[in-house]
Amino acid sequence: MVGLSIGEKYFIQGGIAQDLRTDGRKRLTPRPIFVETGVISQSNGSARVRIGATEVIASVKAELGRPSALHPDKGKVSINVDCSPTAAPMFEGRGGEELSAELSVALQRCLLGGKSGSGAGIDLSSLAIVEGKICWDLYIEGLVVSSDGNLLDALGAAIKAALSNTGIPRVNVAAGASGDEQPEVDVSDEEFLQFDTSKVPVIVTLTKVGRHYIVDATSEEESQMSSAVSISVNRQGNICGLTKRGDAGLDPSVVLDMISVAQSVSERLINTLDSQIAAAEAGEDEL
C-alpha cells in the first residue's frame, strides 16, 4: 500500500474533483507510452512497455499442441503474470503472488473473454492447423519490472506489442493421415507468418476516486479508489471483455457511461500504441 498523509489524500482527491491531477493531467488524460519490441531473443515475440514509472515486459512462445475437445477448430492461449519483488515493496512474499494471480485472471477475461473464449480479442481460430488434431498453443508471459499504477493496461499494451512482434513458423502438413492418426508436420525454421493483431484490444481502466473516475491512475491515485473497471476495446470499437476491482458497487448507468468513455479513450490509445509499435519494429529491422 502507498503510505500517504491525510493532507496528501485530500490533495489527490481535491485535484481529481477539479480535473487537475497532481502530475498536471486532466482526469481522462493518460501518461505517455513508450514501446520497445524484440527484447527477448528466445521468444517468438516480445515487447517492453513503459507508462510513467510503470514498466512491464511481455513475451510470446508458440508450441505445437492438440486442440481441446470443446473447441477442435481453435488453438489455445494461456496468460501468466509474474511481479518482480523489486518492483514494489508490496510485491514481496504473498503480496506479489496474489497480485500476479489477479492480473493473470483479469488479462484472461479482457483478452480472451474468460474461460469460454467467447468474444475473444485474440483470434483463436487462426491458431488451428488441423482441426481436432494440431494447433498452436501460445504461452504469454508478463513481467512487472516496476510499478507506479495502471499495471493491467500496461500489460495489455505489452501483450499487444509482443503479439505484433510474433512470428509463427509456417507448418506444412503431410497428406495421407486418416481417422485418428496424427498427421506428420514439418515446421519451417525460415518462414514465419506474422500474427494478426488487427482485432487485439487495448485495455482501458477507469478508476473511481470520489465522485469522478480517471484513466491511467498512478499508485497514489489507486490508493484512494473506491472501485475500478477495466474494459478491453478493439479498433472496431467492440467490447472484448470487462473486469472490476474494489468493494464499492456501481450503478449500471455509471458502468454504461464508463464503457462509452473507454471506447473514446481506446481510440486514441490504439492509434498511439500502433504508431509506437511501428516505430519500434522499424528500429528493430534496422539493427
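Close Cβ contacts (under 6 Å, 6 or more residues apart or on different chains) running from residues in segment 3-23 that are under 18 Å from ASP148 (Cα atoms) and of a type in the set (Ser, Thr, Tyr) to residues that are open to solvent by 50 Å² or more (accessible area, probe 1.4 Å) and part of a loop (DSSP other than H, G, I, E, B) are absent. Within segment 189-216, no residue that is farther than 25 Å from LEU112 by Cβ sits with its Cβ atom under 6 Å from a residue that is part of a loop (DSSP other than H, G, I, E, B) and aromatic (Phe, Trp, Tyr) at 6+ positions apart or across chains.
Search segment 1-40 for residues being in contact with a Leu (Cβ under 8 Å, 6 or more places away or on another chain) and farther than 22 Å from VAL56 by Cβ, and hand back the single one that is least open to solvent (accessible area, probe 1.4 Å). Checked segment 1-40; the qualifying residue least open to solvent (accessible area, probe 1.4 Å) is ILE12. The residues of segment 218-265 that are hydroxyl-bearing (Ser, Thr, Tyr) and more than 24 Å from LEU99 (Cβ to Cβ), listed by number, are SER253, SER260, SER264.
Only one of the listed residues (ASP216, ASP257) is modelled with pLDDT of 90 or more, of a type outside the set (Ser, Thr, Tyr) and on the phi > 0 side of the Ramachandran plot. That residue is ASP216.
Got a number for residues in segment 224-244 being open to solvent by less than 40 Å² (accessible area, probe 1.4 Å) and under 11 Å from LYS208 (Cβ atoms)?
4
Within segment 256-283, residues that are open to solvent by less than 30 Å² (accessible area, probe 1.4 Å) sit with their Cβ atoms under 7 Å from residues that are basic (Lys, Arg), at 6+ positions apart or across chains, in these pairs: ILE270/ARG235; LEU273/LYS160.
Just to be sure before I move on: is ASP247 free of Cβ contacts under 8 Å to residues at least 60 places away in the same chain, crowded, with 18+ Cβ neighbours inside 10 Å and out of contact with any strand residue (DSSP E or B) (no Cβ under 7 Å at 6 or more places or on another chain) in the structure I sent? So ASP247 fails the test. Checking PRO72 against (1) touching a residue at least 24 places away in the same chain (Cβ under 8 Å); (2) closer than 30 Å to ALA278 by Cβ; (3) loosely packed, with under 15 Cβ neighbours inside 10 Å, only one condition comes out false. Which one? Status for PRO72: all satisfied but (2). For segment 149-170, taking the residues that are over 21 Å from ALA101 (Cβ atoms) and charged (D, E, K, R), the one that is least open to solvent (accessible area, probe 1.4 Å) is identified as LYS160.
The values are calculated or read from the model by the stated rules, or taken from the named source; none is laboratory data. These numbers were taken from a predicted model, which means no experiment stands behind them. Note that each Cβ is placed from the backbone with ideal geometry, even for glycine, and that neighbours are counted across all protein chains shown. Each accessible area value is taken on the protein alone, full model and side chains, heavy atoms only, with ligands, DNA and RNA left out. Shrake-Rupley method; radii C 1.70, N 1.55, O 1.52, S 1.80 Å.
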